[in-house]
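First up is the structure itself, then whatever we jot down about it.
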Amino acid sequence: MAASSSEIGLFSPWDYVVFAAVLLISAAIGIYYAFAGRGKTTSKEFLTGGRSMTALPVAMSLTASFMSAVTILGTPADVYRYGAMYSIFAISYALVVIICAEIFLPVFYRLNIASTYEYLELRFNRVVRILGTVIFIIEMILYTGIVIYAPALALNQVSGFNLWGAMIATGLVCTFYCTLGGLKAVIWTDAFQIIIMIAGFIAVIIRGVVVQGGIQTIIQDAYYGERLNFWDFDPHPLRRHTFWTIVIGGTFLWTGIYGVNQSQVQRYIACKSRFQAKLSLYINLVGLWAILACAVLSGLILYSVYKECDPWTAKRVSAPDQLMPYLVLDILRNYPGVPGLFVACAYSGTLSTVSSSINALAAVTVEDLIKPYTNLSERKLSWLSKGMSAFYGILCIAMSAIASYMGSVIQAALSIFAMVGGPLLGLFSLGMFLPFCNPLGAIVGLLVGFSMSLWAGIGAQIYPPLPEMSRPLPLSTAACNFSEMVNINITTFTEMPVTIVSEAQAQASERPLLADYWYSLSYLYFSILGTLVTVAVGIIVSLLSGGWKQNINPDYLYKLEDSIFYMFPCCRKSKAEKIEDISWRPHPKTGHENPSFSPDDISLSELK
């Protein structure tokens with residue numbers, strides 16, 4: 001049975017030492033790259049690392065960037081409430097990495113661009129580029145606010161540290177090293193932080209297994225508690241999580257993140273060759289699986305420990321996302337420094353994600369909204385990039401206040417990516433796969449797709465799906481000793497979770513017809529909705545407005561020979577066709593040679 005809140009201590013001095021050390025090392029990496037890069041003051045060096053990175057650190061950075069505190073705190077809580085079906089995301093991750101490495105990466109790498117949205121101007125026009133950039137900026141500011149809020153809530157839970165003080169400290173540290181060191185600092189701090197994330201999870205898992213008397217007990221408790229619900233093949237689109245919503249919806253969702261999101265694309269195009277860039281994505285898949293396995297197992301341990309006395313229902317914590325830090329202080333309170341390691345684990349996830357977001361926001365702002373309209377020198381653009389990093393860092397700290405009203409952090413974060421990432425994925429798909437799509441089709445498709453996914457997503461926040469659709473699993477307080485219960489002293493969070501209040505209000509009032517159908521659509525399908533509507537409308541408008549008359553540079557389109565599928569004889573072109581394709585070099589806008597054909601790949605001499 002869980003310890004009462006009065007029995008659970010706060011941070012020890014050793015916990016603060018471990019936590020502070022992680023922040024100091026992260027800041028030190030930024031300072032190092034600020035001095036190491038003093039002679040390289042171009043915006044390209046600051047934003048893309050001079051395209052000199054190798055696969056391993058980039059892979060670790062890719063994993064850390066979106067395996068944030070949202071994952072560390074939200075995923076175990078999701079498994080605790082809904083079961084281990086979340087682990088099916090492992091299939092989605094594998095599909096996403098293959099799609100991104102073999103389809104999207106070659107196009108972006110070939111064009112040698114710092115911003116993914118520069119592609120939209122090359123393929124369509126400047127208006128499409130600005131629209132894509134603005135939507136991306138909105139997406140990342142909202143998401144980063146959630147990411148800053150999540151670990152601040154954890155630190156507030158376990159140490160009594162002021163919630164706003166924790167959020168501001170997180171944002172300032174990220175802004176500091178990101179502004180000083182640029183992309184190289186972000187990548188290397190990510191590599192350091194992913195190690196801390198895994199170490200924090202392992203500490204909880206090992207202690208949890210020992211406390212519960214072995215992994216068999218945990219699995220048995222999960223089985224009898226209905227938490228091992230992996231294979232639900234219900235095709236109903238309104239079900240929150242099923243095999244189909246996770247595999248299909250999750251693949252669309254994460255392709256929008258890894259395939260066209262600036263934060264991720266900016267990392268793998270920083271590699272020194274296309275081979276290294278692809279390798280970074282495949283190595284990253286191993287990291288994604290490792291973090292997912294740790295998070296799911298932590299959720300099962302959480303249920304095994306509290307199966308008879310749920311701290312959330314018993315009001316020992318005020319939100320499900322506080323369950324993991326509560327568990328940490330419960331089972332690790334006699335091990336000074338280890339609770340600090342777990343909070344450092346949550347903070348590492350946040351530092352990596354926030355710094356990635358800040359760097360990406362600075363990149364798209366400078367490359368898409370400032371550079372095309374000015375004649376500033378590279379030195380001035382570099383300083384401007386640093387200034388934008390500082391600006392976005394402060395803005396994201398302010399936006400973190402909104403996150404406190406969005407309920408479950410894991411669902412809120414993924415919902416934002418689904419609502420915004422889906423239409424953007426559709427927009428890039430129109431450009432890469434449909435030569436007849438024109439700028440008018442792209443603009444109308446994007447706006448309609450974005451409106452539809454936003455309508456469904458905001459409606460779902462106002463009218464949350466009823467329990468029969470989300471299907472939370474039962475929680476028990478049968479073994480709780482209510483006479484000893486004291487609410488945890490959280491100065492900022494004392495009210496009931498917003499999602500529960502909203503559900504109660506929605507059930508008590510008259511729900512509109514749309515609430516039980518349209519608004520109850522699984523949040524993982526928001527991305528599919530946005531993508532398909534964008535593509536469908538874009539195709540129709542392009543065909544009606546003469547898009548088939550266009551003559552598109554083949555470098556802007558996906559080519560089968562860019563992918564691993566080109567190994568199959570049926571997919572290969574003749575040598576004459578290869579030479580004809582290469583003749584498009586140098587790039588008509590940038591003047592750069594086509595980096596897709598690096599020394600790691602095919603050369604002209606091999607074709608003769």
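Just one of (1) modelled with pLDDT under 80; (2) among the hydroxyl-bearing types (S, T, Y); (3) surrounded by fewer than 17 Cβ atoms within 10 Å (Cβ to Cβ) fails for Y519. It is (3). Determine, yes or no, whether D190 is buried (at least 18 other Cβ atoms within 10 Å of the Cβ), over 23 Å from the mean Cα position of the chain (by Cα) and under 27 Å from P325 (Cα atoms). The answer is no for D190.
I'd like to know if the stretch 90-112 contains one or more residues that are surrounded by fewer than 24 Cβ atoms within 10 Å (Cβ to Cβ) and not in a helix (DSSP H, G or I). Yes, the conditions are met somewhere in the stretch 90-112.
The set of residues from the stretch 245-272 being more than 11 Å from the chain's Cα centre (by Cα) and of a type in the set (V, I, T) comprises T245, I246, V247, I248, T251, V260, V265, I269. Within the set L281, L361, L323, the sole residue that is closer than 30 Å to G213 by Cα, assigned to a helix (DSSP H, G or I) and either in contact with a strand residue (DSSP E or B) (Cβ under 6 Å, 6 or more places away or on another chain) or not hydroxyl-bearing (S, T, Y) (or both) turns out to be L323.
Apart from one condition, V79 fits all of (1) farther than 29 Å from F275 by Cα; (2) at pLDDT 90 or above; (3) surrounded by fewer than 21 Cβ atoms within 10 Å (Cβ to Cβ); the exception is (3). Based on what the data block shows, is T365 modelled with pLDDT of 80 or more, in contact with a helix residue (DSSP H, G or I) (Cβ under 6 Å, 6 or more places away or on another chain), in the same structural domain as Q264 (by TED's automatic domain parsing) and within 22 Å of L142 (Cα to Cα)? It is true that T365 is modelled with pLDDT of 80 or more, in contact with a helix residue (DSSP H, G or I) (Cβ under 6 Å, 6 or more places away or on another chain), in the same structural domain as Q264 (by TED's automatic domain parsing) and within 22 Å of L142 (Cα to Cα). Looking across N156, N162, N125, one residue alone is farther than 16 Å from G426 by Cβ, modelled with pLDDT under 85 and touching a helix residue (DSSP H, G or I) at 6+ places or on another chain (Cβ under 6 Å). It is N156.
The values are calculated or read from the model by the stated rules, or taken from the named source; none is laboratory data. The structure presented is a predicted model; accordingly, all values stated were derived computationally and were not measured. Backbone-built Cβ (ideal geometry, glycine too); neighbour counts: all protein chains shown.
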